[in-house]
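To start, the structure itself, in structure tokens.
What follows is calculated from the coordinates using simple rules that are stated; it is not laboratory data. Computed from a predicted model, the values in this text were never measured in an experiment. When we count neighbours, we look across all protein chains shown, and the Cβ atoms used for this are built from the backbone with ideal geometry, even at glycine.
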Amino acid sequence: MKITLKIYRYNTEDGKPPHYDTFVVPDAEENDLVLDLLECVRGYQDGTLSFRRSCAHGICGSDAMRINGRNYLACKVLVKDLGTDQITIEPILGLPVLKDLIVDMNPFYEHYRSVLPFFMCPDDPVADGKERIQTPEERERYDDTTKCILCACCTTSCPSFWADGRYVGPAAIVNAHRFIFDNRDCGAEDRLNILNEQMGVWRCRTAFNCTEACPRDINITKAIADVKKAITTGKIE
Amino acid sequence: MTTVPEHGYTRQVKVKPNYETIAWQWMRYSAVLLIPLVWFHVLLQDVIVGVHRIDLDYVQLRWATLGWRVYDVLLLGFTFAHGMNGLRQVLNDYIHNEKPRRVVAWVLLLGWAVITAIGGIAIIAGVRK
């Protein structure tokens, strides 16, 4: 089947304003990934096309992009999933475009770092000197949010983040949730106080775009609601 | 980072409430109150009485009871506050500097207070017997 790709192009070095280039992939198959089509264009039609990719199996999270108006990982969406032979590919929204489909992820990582996404419990001695025991039920409490691969599909699909890039965004809240609800960790209070700021969880308007966009099927809006509840009730349950 | 975690689900944490927390809670609590207030109002005015039978005589009859006047003031106050807080949230998407944001928040709060006070006084005290 013939697929027409309309791809956002921008290069700070050539002085041209952002525009779209159209490419035709003549012999695509319905089970081809969108990433395969991009590789085909880059390999055979225009070697200057720039996009990030690494594992191509939905694990590294480097090829998040806006495909037909919705955020996906290009390595997880098949041509047949889109139901059309006209595919528009753009960089994810809300982050500065560096070149073509590559965005500057630094603002995203700064928000991620701001919620202290690491284990904190310096004063808690481990009883046997080996490990911190946790029951399967206690582990289950935050299992969903451990699945995040930091692809930024959620944060860059959030209208609150588009409106104000200072909002920490769903991905940072998901990663805070992962530690807040881990009963071995001692930093929940610090994280909740950070997320209680004006640019924290209260900027979430429950649009559900993040949940729709997540390639790992994390219930992000629910995780954000868990954090809001912990802040308002003062209880982590 | 001060307390050693207890094993089990429920843990207590101290999170200092701020303006945003209170505003968010206000939106939820006022919405819960608005559900019975607005739905009963709609049911009464549009279904039981009917919009074509609402005239000055009906308003006079309704406001002859203090309870209905208090009901209407509550309806005005809660719906208007809920809407003004929503408007503040929308404007926050477009105003990125802290100072103008505060000014807008205060203007909306004062606007709500003044209009609600005028409406409340008119409904409670302005009815001629």
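Enumerate the helices in chain B for which the Kyte-Doolittle hydropathy averages -1.0 or more and the C-alpha atoms extend at least 20 Å along the helix's axis, using complete DSSP H runs. Show your work: numbers first, answer last.
Working: long enough: B:19-42 (32 Å, 0.76); B:66-94 (42 Å, 0.32); B:98-124 (38 Å, 1.34).
Within chain B the helices that satisfy the rule are B:19-42, B:66-94, B:98-124.
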* Asked: Using alpha-carbon pairs under 8 Å, 6+ residues apart, how would you state the relative contact order of chain A in percent?
  -> 18 percent
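Charges only on Cβ, +1 for Lys and Arg, -1 for Asp and Glu: so what's the dipole of the protein assembly as shown about the Cα centre, in debye to the nearest 20?
1520 debye
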* For the residue pair B:VAL59 and B:ASP46, what label-to-label distance in nm results when each label sits 7 Å from Cα along the Cα-to-beta-carbon direction? -> 2.0 nm
* Looking at the protein assembly as shown, what % of the alpha carbon pairs are farther apart than 28 Å? -> 59 percent
* Structure fact -> Rounded to two decimals, the Rg over Rh value of the range A:182-237 from Cα coordinates and the Kirkwood Rh reads 0.99
* Mean Kyte hydropathy of -0.5 or more with a Cα span along the axis of at least 18 Å, helices from DSSP in chain A -> A:220-233
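Counting pairs of Cα atoms in the range B:17-125, how many percent are more than 20 Å apart?
Values: 3002 of 5886 pairs.
The answer is 51 percent, as a whole percent.
Within a Cβ distance under 9 Å of A:THR88, other residues only, what is the Lys/Arg minus Asp/Glu net charge? Kindly include the intermediate steps, with their values, before the conclusion.
On the way: positive: A:LYS6, A:ARG66; negative: A:GLU90.
After counting each charged neighbour, the total is +1.
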* **Helix-derived mean residue ellipticity, 222 nm - over chain A, DSSP H n ≥ 4, -39500 (n - 2.57), to 500** => -8500 deg cm²/dmol
* Asked: Which of A:ALA56, A:ALA172, A:ALA152 moves the most in a Gaussian network model of chain A with Cα springs under 10 Å?
  -> A:ALA56
* Two-decimal Rg/Rh across the range A:106-233, once Rg and the Kirkwood Rh are taken from alpha-carbon atoms -> 0.98
* **Options A:LEU37, A:MET105, A:HIS57, ranked by Cα towards positive dipole end of the protein assembly as shown, top entry (Cβ charges)** => A:MET105
* Expressed as a rounded percentage, what relative contact order does chain B have, with Cα pairs under 8 Å and six or more residues apart? -> 29 percent
* Structure fact -> Which of A:LYS99/B:LYS99; A:LYS76/A:LYS222; A:LYS2/A:LYS76; A:LYS6/A:LYS76; A:LYS228/B:LYS99 exceed 29 Å between C-alpha atoms? The answer is A:LYS99/B:LYS99
* Structure fact -> Given the candidates A:THR135, A:SER114, B:ALA105, the one whose Cα lies deepest towards the positive end of the charge dipole of the protein assembly as shown, counting +1 at each Lys or Arg C-beta and -1 at each Asp or Glu C-beta, is B:ALA105
* Asked: What FRET efficiency do you get for B:VAL70 and B:LEU109 if R0 is 25 Å and r is their Cβ-Cβ distance, rounded to the nearest 0.05?
  -> 0.65
